[in-house]
Every structure is written in structure tokens, then in C-alpha cells.
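Student: Handing you a structure now.
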Amino acid sequence: MDQARSTRNAALENVTTPTYSLAALDRRITILGSTGSVGCNTLDLIAHARAACNDRREAPVFPIEALTANRRVDLLIEQALEFRPKVAVIADPTLYEPLRAGLEGSDVDAAAGPEALLEAAQRPAEWVMAAIVGAAGLRPTLEAVKRGCLVALANKECLVCAGDLLTREARNSGAELLPVDSEHNAIFQVFAYDQPESVEGLILTASGGPFRDWTQEQMAVATPEQAVAHPNWSMGAKISVDSATLMNKGLELIEACHLFPVPPDKIEIIVHPQSIIHSLVRYIDGSVLAQLGTPDMRTPIASTLAWPERMVAPSPRLNLTEIAELTFEEPDLERFPALSLARESLQTGGGAPTILNAANEVAVQGFLDRRVGFLDIIRIVHHTLEVVCRGQGGLRLDTFEDVNALDEQARAVARARMATLAKS
Ligand code: NDP
């Protein structure tokens, strides 16, 4: 109590904290997936911090170790020439030559291929943004976690398909997993880690996605363009489709179980179409604490970039009188069965979430490629869980190889189901 009181008194006496003397500004940074939506937002924050510090600091601001991408080589070159990482890595090895040519004459090394991606994650950055989409991000993220650094975790699929493995490695190495997903970041900001027993439960908010009011008939003919047009957030294609099926919230439920010491039956999901309240924590005395903000990923990313300090983020400020109304509703489990599938896979445990995730990745890509319809996504996931889960519920996934083998098995079943549906 004395410490809390003296901290409070010191804060009251010293209200003019210099904004750009943050210790975090010295952090060496690696961004896995720098060309994606989260990656670009992270670089935008770094650009703002660099501009604001300008010549007020001698030391470089957020010096960058590595930037990585999959195929968007032109954007990677552009980012590398502006932000000057030590190395820029393109995962697709066929794109090494254009990357090398684009960086010729600069002080940035070029590298390509899956091994180079792992080496990028192994470099001595103190803060790594894990923003590769899908299970493809698991291995590089694990490499970063094993180094015991700060890992800003945007890639929720990592936790869904290998949550036990990833959190065990983090405990062993001392890595800090900082949640970037806006909901988990909100909980992270208001969760009483010093008194976890005082937490009664969590409330994850969901926007409801672009099809919140659509009928089954309308969703049956939904196009990829309609599915990726999220009403509040601007994000990559895969997570946008996940938001439309509400699988995103299912993945987030599983993610929350790995990040916070709260059992699944104490995690509620409510639809909040305005995406202003990013999530809430219920306490045993009846208090409910929430984090609010405009729907702009730069706010949660900034909270992890400067953690445990805070830095300036250029996100639009919240104007509550302009918003005027915040509404809430129960999710419709009939129209959005993904939520039930995710809860069931948590109950089954073992490899079930890994299977759910793998099948979903295959099905979403199939939908984006116009091979199957929107409603087929969940049909494929359901079928794959039924086929692959049999006898695998209690399966322990102790190593990356265990996870990878099950992931591949599930993908094969999902692809076969997709081929059947595509013909019908
Ligand atoms: P994007 O699709 O916009 O970007 C994905 C990034 O990963 C790109 O840099 C891409 O490279 C790279 N990448 C894709 N596949 C591979 C691969 N096989 N090997 C190596 N790199 C690869 O995704 P988002 O930024 O939207 O999302 C990233 C992660 O963050 C996802 O897990 C998502 O669920 C999560 N997230 C995203 C939010 C958002 O606002 N976007 C919010 C909360 C969580 P390239 O550009 O070359 O294809």
C-alpha cells in the first residue's frame, strides 16, 4: 500500500514527463511480416517517433535489425530503403534477385528463403513484432520467443495451433508475450496481474463483421470483396474473412485462454458493432474495467512498442459525444457457427484447435480464390474437425514437428473436402 501511495504522490508532483526520453526508443526492432497491415502500422509508428525525436536525440530511434515479407518484394525494398534494417528477407526464394538488385548500393543486406526467415527471427532484436499471417508464422515466432525477448504477438494463429508450446517456450526463455490483437491488448492493459484471483471473467467484444445483419441466403452468395470490406477495421484479407465468419472471435477465444489465467467458460463474447470498447475484465467486486479507443491498430501496437511505458500514437482521438451510442448484442450462433466450433475445439483440447486453425486457413484461401462459397468455409472446418479429431483429442503437441504434422494432416483433409465442394 505504501508503495502504491508513494507512486501516486510522485506522479502528482511530476506531471510533465518528457515524451521522447523513453527507454523503449533504444530497442532494436525486428518486424516479421513488415509488408502486411500490422507490419505497415508498426513502421508508421516508428516513422512518427523518429520524426518527433528528429535531432533531439543522438542515438538512433528504434534501430531496425530485420524486416521480412513473403512475396511483396517492391514494398519490402521501399521499406528497407526508408527504415534501414540490417537485413531485409523475402520468404519466397525466387524473389531473391529482385530484392538484391533493389537494395544494391545500400547498407541493407538481402536474404531469401525459409532459413533466412528463421535467421531474421534469431537476430539480436529486443522487440520482435510477430505479424506473419497464419501458421506460417509459427516457426519464426518460436525462434524469437526462444531468445527471451519482447514478442509483440499479432499472429493469433500461432497461439491457436501451438499455444502450449509457445507459452512453455516463453516461460523457459523469459520472453514476454505482448498481445497486439486489440481485444487482448485491451485486457492486457486492464488485467490485475498482481491479483489474478480478483478477476471473475473476461468479455471479448466482436464487431459482428460485414455480414452481421445478413441472412444465410445472402451469405451463401457473398463475394470475397464483400467479405473483406470490414465496417470498422482495415486489415489483411485473411483476418477480414475470419471477421466475416466470426471465426476470428473463435480464434481469439482460444488465444485468450493461452494469454490470461481465465478458463474458457469465464470468457464471454458480445457483439459491439462500433468497435470502441475493445474488451473488458470483470472483477469479483462487480467492477468491470474496459479499454476504449478508435478502431486503429496503431494504439495497441504502440502500447506494446513502448511497454511498459507509453508513447505518442497518431491514432484519431476518441470523441464519445460524436459516437453518441455504444450498443451490444448476443452473437447469433445459428448464423455464425464458427464460435461454437472454436468453443468445442477448446473443450476437446489436445490437437483440436490446431486442426480447426489449419482447416480454416485452407478454407479461407479457397474462398478468396473463389473455389468455394462463403458458407463452405465453416462446412470445411466442421468436416475436418470431425475426420481428423477422431482419436486425436487428447494428443499432446510437445514440439514444432508434432504441431506441423497435425497441421499438414488437417490441411490435406480440408483440401480434399474443398475439392468435393468445388465440384458440386
Ligand atoms: P497481412 O496479410 O496484411 O500481412 C501478412 C504479412 O505476412 C505480410 O508481410 C506477408 O508478406 C507475410 N506473409 C504471408 N505469408 C507468409 C509466409 N508464408 N511466410 C512469410 N511471410 C508471410 O496480414 P495482417 O497484417 O492483417 O495480419 C497479420 C497477423 O496479425 C494475422 O495473424 C492477423 O490475424 C493478426 N492481426 C491483424 C490485425 C490487423 O489489423 N490487420 C489485427 C489483429 C491481429 P507479403 O506482404 O509479401 O505477402
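The values are calculated or read from the model by the stated rules, or taken from the named source; none is laboratory data. None of the values given here were measured: they were computed from a predicted structure. Because the Cβ atoms are built from the backbone with ideal geometry, glycine has one as well, and the counts that use them run over all protein chains shown. Note: areas computed on protein heavy atoms with side chains; ligands, DNA, RNA excluded. Shrake-Rupley method; radii C 1.70, N 1.55, O 1.52, S 1.80 Å.
Student: Within the stretch 397-424, count every residue that is free of Cβ contacts under 8 Å to residues at least 60 places away in the same chain and in a loop (DSSP other than H, G, I, E, B).
Tutor: 1
Student: Same structure again: Only residues that are small (Gly, Ala, Ser), without any contact (Cβ under 8 Å) to a residue 60 or more places away in the chain and either open to solvent by 20 Å² or more (accessible area, probe 1.4 Å) or under 18 Å from residue 256 (Cβ atoms) (or both): list them for the stretch 165-205, please.
Tutor: Within the stretch 165-205, 170, 173, 174 qualify.
Student: Please specify each residue of the stretch 218-243 satisfying the condition of being part of a helix (DSSP H, G or I) and within 13 Å of the ligand (Cβ to nearest atom).
Tutor: 228, 237, 238, 239, 240, 241, 242, 243, listed by residue number.
Student: Let me ask something else about it. Go through the stretch 36-63 and report how many residues are open to solvent by 10 Å² or more (accessible area, probe 1.4 Å) and free of Cβ contacts under 8 Å to residues at least 60 places away in the same chain. Step through it out loud before you land on a result.
Tutor: Of the residues in the stretch 36-63, the ones open to solvent by 10 Å² or more (accessible area, probe 1.4 Å) are 36-38, 40-41, 44, 47-48, 50-52, 54-61, 63.
Then keep just the ones that are free of Cβ contacts under 8 Å to residues at least 60 places away in the same chain; that gives 40, 47, 50-51, 54-61, 63.
Result for the stretch 36-63: 13.
Student: Inside the stretch 283-372, counting only helices (runs of 4 or more DSSP H) that do not spill past its ends, which hold 1 or more residues that are at negative phi and touching a Gly at 6+ places or on another chain (Cβ under 8 Å)?
Tutor: So the answer is 298-305, 338-348, 352-368.
Student: Does the stretch 347-357 contain any residue that is modelled with pLDDT under 95 and of a type in the set (Val, Ile, Thr)?
Tutor: Yes: one or more hits.
Student: Test each condition in (1) over 19 Å from the mean Cα position of the chain (by Cα); (2) part of a loop (DSSP other than H, G, I, E, B) for residue 268 and report the one that comes out false.
Tutor: Single failed check for residue 268: (2).
Student: Among 84, 50, 27, 56, which is the only one that is more than 16 Å from the ligand (Cβ to nearest atom) and closer than 16 Å to residue 303 by Cα? Working first, answer last.
Tutor: Numbers: 84 fails: closer than 16 Å to residue 303 by Cα; 50 fails: closer than 16 Å to residue 303 by Cα; 56 fails: closer than 16 Å to residue 303 by Cα.
Of the residues listed, the single one that is more than 16 Å from the ligand (Cβ to nearest atom) and closer than 16 Å to residue 303 by Cα is 27.
Student: Report those strands (runs of 3 or more DSSP E) wholly inside the stretch 150-214 carrying at least 3 residues which are more than 16 Å from the ligand (Cβ to nearest atom).
Tutor: Here the list reads 199-206.
Student: Moving on to the next point. Mind telling me which of the residues 397, 375, 333 ends up being under 15 Å from residue 241 (Cα atoms) and either modelled with pLDDT of 95 or more or in contact with a helix residue (DSSP H, G or I) (Cβ under 7 Å, 6 or more places away or on another chain) (or both)?
Tutor: After applying the criteria, what remains is 375.
Student: Could you grab the pairs with beta carbons closer than 6 Å, sequence gap of 6+ or different chains, first residue in the stretch 228-255 and under 21 Å from residue 161 (Cα atoms), second one at pLDDT below 95 and near the ligand (Cβ under 10 Å from one of its atoms)?
Tutor: Going by the 6 Å Cβ cut-off, the qualifying pairs are 240/230; 243/230.
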